[in-house]
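Take a look at the structure set out below.
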Amino acid sequence: MLKLAQCVVMVMLLATAARGGLTAGELLLVTNKNVAGSQELAQHYAAARGVDARRILSLDLPKTEAILPADFDARLAAPVRAYLASADGKDVRCVVLFMGVPLKVRALETSEALRQEAQRLRAISDALLPPARELADRVDQIARSLGIAVQQPPPGDNAIRAQQQRLAHASGAIQRWSVGKDVLRLGELKIQMDEAAGSSRRAAIDVLDRLDRPPTTQPATQPAAEAAARATQRRSAAEAAGIFPLLRVIDEQYVLLSGEDSDAAVDSELALVRNERFPKFRWLPNPLSLHAKPAAEALPAVMTARIDGPTERVARRLIDDAVAVEKSGLDGVAVFDSRGLPAPAGTPVGGYPWYDQSVRDAAALLKSKSTLKVVTDDREQVLLPKSVDNVAIYCGWYSLQNYVPGCTYVRGAVGFHVASLELTTLQSPLNKEWVRNLLNAGVDGTLGAVSEPYLHAFPKPDEFFPLLLSGRFTLAEVYWKTVPMTSWKLALVGDPLYNPFAAKPAIKLEDTPLKDFK
């Protein structure tokens, strides 16, 4: 029997399906008025899908695939936000970007002086690892003295994140243990925990005293007041709460000063457009994900999708194929090209074996529960050219920026190749990235990353494809229910309303992994 929380999730999903999921009346179409064909493509889509022509927002955007952060904020995000706040835009659930709208937001600009400060922060962070490990060890020992078994990180994993997880597990276990205990025992425990916290604060302050010393002369490009304010923020975090709060402050400052991991896909950044301010570094949890925690769900978000391609003809085909295939349903072969990496019990989340197992799990589920013929390959190398014909569903990895035409595709095919840099451009004619070449090969729905996203940023195949085959959700809904992050590197290319299995579902919803979500 499903747990109550699982039943609630299923009921909510069925309710969404019952009302038809994402509709044409919930779309905002965004074009670049400076790019020939952008407006015409949106008009063609509006006519094909029955979108009110007044829902086309034509903006003055650069004609390049990359946009500066300031231009993104002023020329794209601000007018979209204003429209969504208007009476006409309050019911918008998905923003559709058309060919000509920039693809990526450039990294935050920085200076040599700021990069030097960032290097100093990296040295401080490295110096905090030993005392962070000591603090986790100390609280772990307190837990063990109480007879509490505490979860440990994988052997050899000494990263800050691992120590933070150890501390959180041990502290949480101690807190649960303390409920209902006598006052004397709790008093002893409080003394031990206070001593650990005090040691953490002293260690953090000691590291700052040794290493957080800016140059004696401040360059003109770095106002002394701003540098002093950041130093004060670090000191306050260390004095108030110790090592891990200090590390969080350092992480935030490091990315802003270095510009590292501050670039993003326009589509992913725009998903949080209803929020005027949010951190522009690294990623945020996707509030629309089936796995979203309450804290993430509180962040307003819209779905995004992109109707784009190497040429206007390809972009128009995405629209026409989607409309045509929905009438009869998508049929063909499902191909899952894994790498055969062993993934025993306890395999760490986010690693190559973990994702490879997800590819194999998707294939196994579709083999046993779906109506599609499934072809699998678990060799390290990708499928050789012309290996499989009539492919409707494709998932494979890892041939970095080196498309290999292993399949021929039926009209309306959906598929993606997992690799780090497969959507850095759609326009370069010599480009061998997978997104551009899958679109040219006839795939009508795909996704990719504009720069290094890390493996855990991709939708899991054993979630994405079963949801799609259920016929209950549109392409945009499937993507946004399964992509883990926003304000990050991935984008969906395809008609957001496309539902290739609506007419003829290939798997029952109750046979998908949804039943396991909590």
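Part of a loop (DSSP other than H, G, I, E, B), surrounded by 15 or more Cβ atoms within 10 Å (Cβ to Cβ) and of a type in the set (A, V, I, L, M): is that true of Leu400 in this structure?
No: the conditions fail for Leu400.
Does at least one position in region 29-50 carry a residue that is farther than 29 Å from Gly448 by Cβ, at pLDDT below 95 and not aromatic (Phe, Trp, Tyr)?
Checking region 29-50: not a single residue is farther than 29 Å from Gly448 by Cβ, at pLDDT below 95 and not aromatic (Phe, Trp, Tyr).
Any chance region 363-384 includes a residue that's free of Cβ contacts under 8 Å to residues at least 24 places away in the same chain, more than 30 Å from Leu103 (Cβ to Cβ) and in contact with a Gly (Cβ under 9 Å, 6 or more places away or on another chain)?
yes
Considering region 380-397 alone, what residues qualify as being outside any strand (DSSP E or B) and either touching a Lys or Arg at 6+ places or on another chain (Cβ under 6 Å) or among the acidic types (Asp, Glu) (or both)?
Of everything in region 380-397, just one residue is outside any strand (DSSP E or B) and either touching a Lys or Arg at 6+ places or on another chain (Cβ under 6 Å) or among the acidic types (Asp, Glu) (or both), namely Glu380.
Check every one of the helices (runs of 4 or more DSSP H) wholly within region 169-285 and list those with 2 or more residues that are hydrophobic (A, V, I, L, M, F, W, C) and touching a Phe, Trp or Tyr at 6+ places or on another chain (Cβ under 7 Å).
In region 169-285, 243-258 are the helices (runs of 4 or more DSSP H) which contain 2 or more residues that are hydrophobic (A, V, I, L, M, F, W, C) and touching a Phe, Trp or Tyr at 6+ places or on another chain (Cβ under 7 Å).
Checking Lys63 against (1) part of a loop (DSSP other than H, G, I, E, B); (2) in contact (Cβ under 8 Å) with a residue 12 or more places away in the chain; (3) closer than 16 Å to Leu272 by Cα; (4) open to solvent by 50 Å² or more (accessible area, probe 1.4 Å), which single condition isn't satisfied?
(3)
Out of the residues in region 155-195 meeting the condition of being within 22 Å of Ala132 (Cβ to Cβ) and polar (S, T, N, Q), tell me which one is surrounded by the fewest Cβ atoms within 10 Å (Cβ to Cβ).
Gln175
Which residue pairs have Cβ atoms under 9 Å apart, sit 6 or more places apart or on different chains, and have a first residue in region 240-257 that is touching a residue at least 60 places away in the same chain (Cβ under 8 Å) and farther than 15 Å from Leu129 by Cβ and a second that is basic (Lys, Arg) and open to solvent by less than 10 Å² (accessible area, probe 1.4 Å)?
Gln253/Arg234
Which one is least open to solvent (accessible area, probe 1.4 Å) among residues in region 273-295 that are of a type in the set (A, V, I, L, M) and over 21 Å from Gln253 (Cβ atoms)?
Result: Val273.
Just to be sure, is Ala491 assigned to a loop (DSSP other than H, G, I, E, B), under 22 Å from Leu318 (Cα atoms), open to solvent by less than 10 Å² (accessible area, probe 1.4 Å) and modelled with pLDDT of 95 or more?
Judged against the criteria, Ala491 is not a match.
Only one residue in Arg339, Arg411 is part of a strand (DSSP E or B), closer than 20 Å to Leu438 by Cβ and out of contact with any strand residue (DSSP E or B) (no Cβ under 7 Å at 6 or more places or on another chain). Which one?
Answer to the check: Arg411.
Looking at (1) surrounded by fewer than 16 Cβ atoms within 10 Å (Cβ to Cβ); (2) at positive phi; (3) small (Gly, Ala, Ser), find the lone condition where Ser328 falls short.
(2)
Quick check, is Ala345 out of contact with any Lys or Arg (no Cβ under 9 Å at 6 or more places or on another chain), open to solvent by 50 Å² or more (accessible area, probe 1.4 Å), farther than 30 Å from Leu270 by Cα and in a helix (DSSP H, G or I)?
no
When you go through (1) out of contact with any Gly (no Cβ under 7 Å at 6 or more places or on another chain); (2) part of a loop (DSSP other than H, G, I, E, B); (3) of a type in the set (S, T, N, Q) one by one for Asn499, which number turns out not to apply?
Of (1) out of contact with any Gly (no Cβ under 7 Å at 6 or more places or on another chain); (2) part of a loop (DSSP other than H, G, I, E, B); (3) of a type in the set (S, T, N, Q), only one is false for Asn499: (1).
Can you spot a residue in region 346-359 that is within 21 Å of Thr446 (Cβ to Cβ), touching a residue at least 60 places away in the same chain (Cβ under 8 Å) and of a type outside the set (A, V, I, L, M)?
yes
Quick one: which residue in Arg93, Arg55 is open to solvent by 40 Å² or more (accessible area, probe 1.4 Å), modelled with pLDDT of 95 or more, of a type in the set (Lys, Arg) and within 26 Å of Ala324 (Cβ to Cβ)?
Arg93
Report yes if Ala364 is under 17 Å from Leu467 (Cα atoms) and among the aliphatic types (A, V, I, L, M), otherwise no.
Taking the combined requirement at face value, the residue satisfies it.
Kindly indicate whether any position in region 215-233 is under 27 Å from Ser171 (Cβ atoms) and modelled with pLDDT of 90 or more.
yes
Here is a list of conditions, (1) in contact with a Phe, Trp or Tyr (Cβ under 6 Å, 6 or more places away or on another chain); (2) surrounded by fewer than 24 Cβ atoms within 10 Å (Cβ to Cβ), and His456 meets all of them except one; can you say which number that is?
The number of the failed condition is (1).
Out of curiosity, is Thr304 open to solvent by less than 80 Å² (accessible area, probe 1.4 Å) and free of Cβ contacts under 8 Å to residues at least 12 places away in the same chain?
no
Count, please, the residues in region 429-450 that happen to be open to solvent by 10 Å² or more (accessible area, probe 1.4 Å) and either assigned to a helix (DSSP H, G or I) or modelled with pLDDT under 95 (or both).
Looking only at that region, the number is 6.
The values are calculated or read from the model by the stated rules, or taken from the named source; none is laboratory data. Keep in mind it's a predicted model, so treat the numbers as computed, not measured. A quick note on method: Cβ atoms are made from the backbone with ideal geometry, for glycine too, and the neighbour counts reach across all protein chains shown. Note: areas computed on protein heavy atoms with side chains; ligands, DNA, RNA excluded. Shrake-Rupley method; radii C 1.70, N 1.55, O 1.52, S 1.80 Å.
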